[in-house]
Amino acid sequence: MDIVDALSAPARGMTAMETGWFLFGATAPGQTLTRVPVTAESFVIGRRAALDLTLGSPMVSGRHAELLAVGESLFVRDLGSRNGTFVNRVRVDDATPVGAGDHIELADVEFRVEYRPSLITALAVADEYHETMSEMAICLESEWTLTQLDELISSRAVVPHFQAIVEAELGTTIGYEALARSSISGLEKPQHMFDKAQLVSREVELSLLCRARAVAYGRCLPRGSQIFLNTHPTESLQVDVLPSLRPLRDRATEHPLVVEIHEAAIDDLKTIRRFIAELKEMGVGIAYDDFGAGRSRLVELIQAPPDFLKFDIGLIRGIHEAPDQQRRMLKTLVSMVHDMGTAALAEGLEKHEEADCCRDLGFDYLQGFLFGHPCPAGKRIP
């Protein structure tokens, strides 16, 4: 229910506008956030249909919990559920008072409690109030996702998925790129995670966690396969990345590590050369990621060549249908890369025709959905 629906609810006889209680969250893991009005004095929640609120998680019991609205007070009690009802991480059984800002967990589904005592009054000035309520909704959603971000980091809930990197001619898998995933609502993919982390300047902390989890889960990958680890542009190569790689290298004894640096982060030749030298001492490889996505650093590339250069999807997608001039340009770049002793890797391949064209252009390695979607280690990993 959006804010306009909420304001018009009394016209439909919704008692939630009289009590002013709402639950804010996702009704199933991975679903979008929504605001649910508490529409009855006895408000039953569970997995069964025809309840006051039906949740789409198999962890939730048929009749899981009940909210009791008594005047301006709200209580929650468990109805004998299998996986429990929690208030602010504490399991409860008997009727327990909750207030605005509290968190209620029903198995693996979590809601924030809200109370809006002035919504009915606001109907008289709805035109002015709509803008204010929209701002409130944005703030509340931001607060919610930041709470989720804290949960993600503190509980180390990042679950890496791995995407295969294959040898172009033989098709054999030589390694895997680790990509962050989670089951926390609103933070399922890396962009979601890092967008929220940026709001509170926790990008570095999150990036460190993603690499640590990638190596921990990567032990289940086939022995000898390389693990490609991502970095974040806000990380310092010397202060953040190098210290984090040393212990990871010691733990990944059966898997060579390759650290990926975005080409936009290659600003200081002296720094990047020193960084590459220290990586070699540790036995860690380096890849420049997303080459061609923005300002391509050809000078830096020549003077500080990596082990791998990953050509951005924008250069690769539909390459078999591209003009001859574009393919010739790409072939020249691949040849230059080889002259520097660097392997050329094409990202984002989805069609066999794209892969065949990349082989003709001289690419050494290929990556994309054509060779497998990212998935957890041990599940359909070739």
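The values are calculated or read from the model by the stated rules, or taken from the named source; none is laboratory data. All of these numbers come straight from a predicted model, not from anything done at the bench. Neighbour counts run over all protein chains shown; Cβ positions are idealised from the backbone, glycine included. Each accessible area value is taken on the protein alone, full model and side chains, heavy atoms only, with ligands, DNA and RNA left out. Shrake-Rupley method; radii C 1.70, N 1.55, O 1.52, S 1.80 Å.
Just a few scattered comments:
- Overall form of the range 229-382 per C-alpha gyration tensor (a/c, 1.5; a/b vs b/c): oblate
- Backbone amide hydrogens, once placed in the peptide plane, bring LEU187 within less than 5 Å of nothing, excluding anything fewer than 5 places away on its chain.
- Accessible area of ASP102 in the full protein assembly, 1.4 Å probe (Å², nearest 10): 40 Å²
- Inter-label distance, nm, simple model (7 Å from Cα along the C-beta direction), LEU170/GLN31: 4.9 nm
- Accessible surface computed residue by residue for the range 320-382, with neighbouring protein chains in place and a 1.4 Å probe, gives 54 Å² per residue.
- Efficiency of FRET from Cβ geometry, ILE302 and ASP108, R₀ 56 Å, rounded to 0.05: 0.65
- Cα gyration tensor category, rounded, prolate or oblate, for the range 144-302 with a/c compared to 1.5: oblate
- Inter-probe distance in nm under a simple model that places probes 7 Å from Cα toward Cβ, at LEU370 and GLU41: 6.7 nm
- In nm, spacing of pseudo-spin labels at GLN326 and ALA216 (7 Å Cα→C-beta vector): 4.3 nm
- Phi-based couplings in Hz for the range 155-166 (Karplus 6.51, -1.76, 1.60; Gly and Pro marked x): 9, 6, 8, 6, 10, x, 10, 10, 10, 5, 10, 10
- By accessible area, using a 1.4 Å probe on protein heavy atoms only, the range 158-299 has 51% of its surface on carbon and sulfur.
- Judged by the gyration tensor of its Cα atoms, with axes a ≥ b ≥ c, the range 321-382 is oblate; a/c meets the 1.5 cut and b/c is at least as large as a/b.
- Above-threshold pairs, the threshold being 28 Å between Cα atoms, out of LYS196/LYS331; LYS270/LYS310; LYS270/LYS351; LYS310/LYS351: LYS196/LYS331; LYS270/LYS351
- Förster radius 41 Å - calculated FRET efficiency between ALA49 and TYR115, Cβ distance, rounded to 0.05: 0.90
- Inter-part distance where the range 148-188 and the range 324-352 are each reduced to a Cα centre, Å: 26 Å
- Estimated at the nearest 10 Å², the accessible area of ILE276 is 20 Å² with a 1.4 Å probe.
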